[in-house]
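Peer 1: Have a look at the structure that comes next, please.
The values are calculated or read from the model by the stated rules, or taken from the named source; none is laboratory data. Predicted model, so just to flag it, every value in this text is computed and none were measured. As a convention, Cβ positions derive from the backbone with ideal geometry for all residues, glycine included, and neighbour counts pool all protein chains shown. Protein only, heavy atoms only, side chains kept; ligands, DNA and RNA dropped before computing areas. Shrake-Rupley method; radii C 1.70, N 1.55, O 1.52, S 1.80 Å.
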Amino acid sequence: MDDNKTELLSEVADYYSNKLASHGNTPQGVDWNGGESQFLRFEQLCRIINSHNDRVSVNDLGCGYGALLDFLTSKYKKAYYTGVDVSPEMIKAAQLRHQSNSNAQFIVGSRPDVKADFGIASGIFNVRLGQNDSKWFEYLEDTLDTLNSTSLHGFAFNCLTSYSDEDKKRDYLYYADPCKLFELCKRKYSRNVALLHDYGLYEFTILVRKADD
């Protein structure tokens, strides 16, 4: 899906660049409702991190302006972080915001340039714009392959849930079947998979731990 993926990512980059231009370095600037729900998402996603010391490395796919890095540095003294985003404007904002953090790097693209202990993707599967379900799921699975291959110990991601109230669904958003993705991850990536669907938002989080952990 190389050509289709390039076009798809270009559309997504434009969408989020416009959000950033409208709302700045805020949760709304990465298309979330507010800081409280953003923090709650980070809590669920970071349950994948089972580090027993102050050092952890994380690849953040779809990093936006780097809000996850703030969360990580509040928990770990040495959080080595690579933020990746398809929007050049987002990366510029992240670099400026975190310019004093020597343990962080930000790159434009759709794939980390290094392996990390853990990979995290928050919100990148929600805005499908004009893509149909099958093309978007193909992109989703391709991205999970990337998370898997660039994570040493595991990865986590979230999606809007197909169990959302019908009157609240929007045509330009993608609502994933949590059971389908749980089975995909269980069969393709690891025996150790957790599905979190109990934290009060219209979404779910999946944690995939590598088999040796």
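Peer 1: How much length is gained if the chain between Lys169 and Ala211 is pulled fully straight, taking 0.36 nm per residue apart and subtracting their Cα-Cα distance, in nm to one decimal? Display every interim value, and only then the final one.
Peer 2: Details: separation 42, 0.36 × 42 = 15.12 nm, distance 3.57 nm.
Here the answer is 11.5 nm.
Peer 1: Would you mind calculating the relative contact order of the chain from Cα pairs under 8 angstrom and at least 6 residues apart, reporting the percent as a whole number?
Peer 2: Details: 372 pairs, mean separation 39.4, N = 213.
Computed value for the chain: 18 percent relative contact order.
Peer 1: Pick from Asp165, Asp113, Asp60: which residue has the top mean-square fluctuation in a GNM of the chain where Cα pairs under 10 Å get a spring?
Peer 2: Among Asp165, Asp113, Asp60, the largest GNM mean-square fluctuation belongs to Asp165.
Peer 1: Next question. Which shape class applies to the chain: rounded if a/c is under 1.5, otherwise prolate when a/b exceeds b/c and oblate if not, where a ≥ b ≥ c are the square roots of the Cα gyration tensor eigenvalues?
Peer 2: On the way: a/c = 1.36, a/b = 1.07, b/c = 1.28.
Cα axes put the chain in the rounded bin.
Peer 1: Computing the accessible area with a 1.4 Å probe over protein heavy atoms, can you report the carbon and sulfur percentage for the chain? All intermediate terms of the calculation are to be shown ahead of the outcome.
Peer 2: Details: 4680 of 10240 Å².
Carbon and sulfur together cover 46 percent of it.
Peer 1: Return the lysines within reach of Lys78: Cα separation strictly under 27 angstrom, same-chain partners fewer than 8 residues apart disregarded; answer none if there are no such residues.
Peer 2: Those lysines meeting the cut-off are Lys92, Lys115, Lys210.
Peer 1: While we're looking at this one, here's another question. In what order, largest first, do Asp133, Asp117 sit by accessible area if the probe radius is 1.4 Å? Could you put the intermediate results ahead of the total?
Peer 2: Values: Asp133 90, Asp117 40 Å².
Correct descending sequence by accessible area is Asp133, Asp117.
Peer 1: On to the next question. Quick one: if you stick a label point 7 Å off each Cα along the C-beta vector at Lys92 and Tyr15, how many nm between them?
Peer 2: Reported label-point gap for Lys92 and Tyr15 is 2.2 nm.
Peer 1: Further, regarding this structure: Specify whether the C-alpha gyration tensor of the stretch 126-208 places it in the rounded, prolate or oblate class, a ≥ b ≥ c being the square roots of the eigenvalues: rounded for a/c under 1.5, otherwise prolate if a/b is larger than b/c and oblate if not.
Peer 2: Details: a/c = 2.26, a/b = 1.41, b/c = 1.61.
Since a/c reaches 1.5 but b/c is at least a/b, the shape of the stretch 126-208 is classed as oblate.
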